[in-house]
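J.: Shown below is the structure under consideration.
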Amino acid sequence: MKKVRYILIAVFTLALLASCSKTDSITGPGSGTVGNYIVKIDSYELTKDAYGKDAVIINYEWGNNGKKAGFFYVISAKVYQNGAECKSAIITDDTIYHGSDALKSIKRGEIQKVQLAYVLQDTKTPLDVEVTEAANTNADAPKVTQTFDIA
């Protein structure tokens, strides 16, 4: 009887440990779940793009609770300014921008910080950032949002 009890305790403990994930640490304003992924729209940095235009780098943190995947392939991240979507920016300064990290896959239960860059319309109007699951095109799809006042 004691043997059965110890086995049950061991199984319960392993199940409890397995349910804990690194992705549980992604919390706070601008964070939420989209599909099998937890995303946080963390912060921004103003910069210039490769053509000298005003640009912004948005810093994201995401956790994968699905199959092995990369942010760029499973998450749709858009930035709007004045109600219009901002275009992607080319940032060549690798001391401040690591855009290729968004292409790297991470395993289930892991977290990663990624950056995406966008061309600004101006440096005064707030930015509205929206993140959805890339595969979900439903208008009512879960969405994570964050507004940054860049002025």
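J.: For segment 78-85, state whether one or more residues are among the polar types (S, T, N, Q) and in contact with a Gly (Cβ under 6 Å, 6 or more places away or on another chain).
T.: For segment 78-85, residues among the polar types (S, T, N, Q) and in contact with a Gly (Cβ under 6 Å, 6 or more places away or on another chain): absent.
J.: Just name the residue that is surrounded by the fewest Cβ atoms within 10 Å (Cβ to Cβ) out of those in segment 92-151 that are among the aliphatic types (A, V, I, L, M) and closer than 15 Å to ASP54 by Cβ.
T.: Filtering segment 92-151 for residues that are among the aliphatic types (A, V, I, L, M) and closer than 15 Å to ASP54 by Cβ, the one surrounded by the fewest Cβ atoms within 10 Å (Cβ to Cβ) comes out as ALA151.
J.: Can you pull out every residue in segment 121-133 that is over 10 Å from TYR80 (Cβ atoms) and within 20 Å of the chain's Cα centre (by Cα)?
T.: VAL131, THR132, GLU133
J.: Quick one: would you say VAL39 is under 14 Å from the mean Cα position of the chain (by Cα), modelled with pLDDT of 95 or more, crowded, with 18+ Cβ neighbours inside 10 Å and of a type in the set (Val, Ile, Thr)?
T.: The answer is yes for VAL39.
J.: Taking ASN82 and the conditions (1) surrounded by 15 or more Cβ atoms within 10 Å (Cβ to Cβ); (2) touching a residue at least 40 places away in the same chain (Cβ under 8 Å), which numbered condition does it fall short on, given that it satisfies the others?
T.: So ASN82 meets the others, but not (1).
J.: Also, I was wondering about something else. Looking only at segment 86-106, count every residue that is closer than 14 Å to TYR60 by Cα and touching a Phe, Trp or Tyr at 6+ places or on another chain (Cβ under 7 Å) and tell me the total.
T.: Within segment 86-106, residues that are closer than 14 Å to TYR60 by Cα and touching a Phe, Trp or Tyr at 6+ places or on another chain (Cβ under 7 Å) number 2.
J.: Consider LYS68 against the criteria (1) at pLDDT 95 or above; (2) within 19 Å of the chain's Cα centre (by Cα); (3) of a type outside the set (Asp, Glu): it satisfies all of them except one. Which criterion is unmet?
T.: Status for LYS68: all satisfied but (1).
J.: Taking ASP122 and the conditions (1) within 19 Å of ASN36 (Cβ to Cβ); (2) touching a residue at least 40 places away in the same chain (Cβ under 8 Å), which numbered condition does it fall short on, given that it satisfies the others?
T.: (1)
The values are calculated or read from the model by the stated rules, or taken from the named source; none is laboratory data. For clarity, every value in this text was computed on a predicted model and none was experimentally measured. Ideal geometry is used to build each Cβ from the backbone, glycine not excepted, and the neighbour counts take in all protein chains shown.
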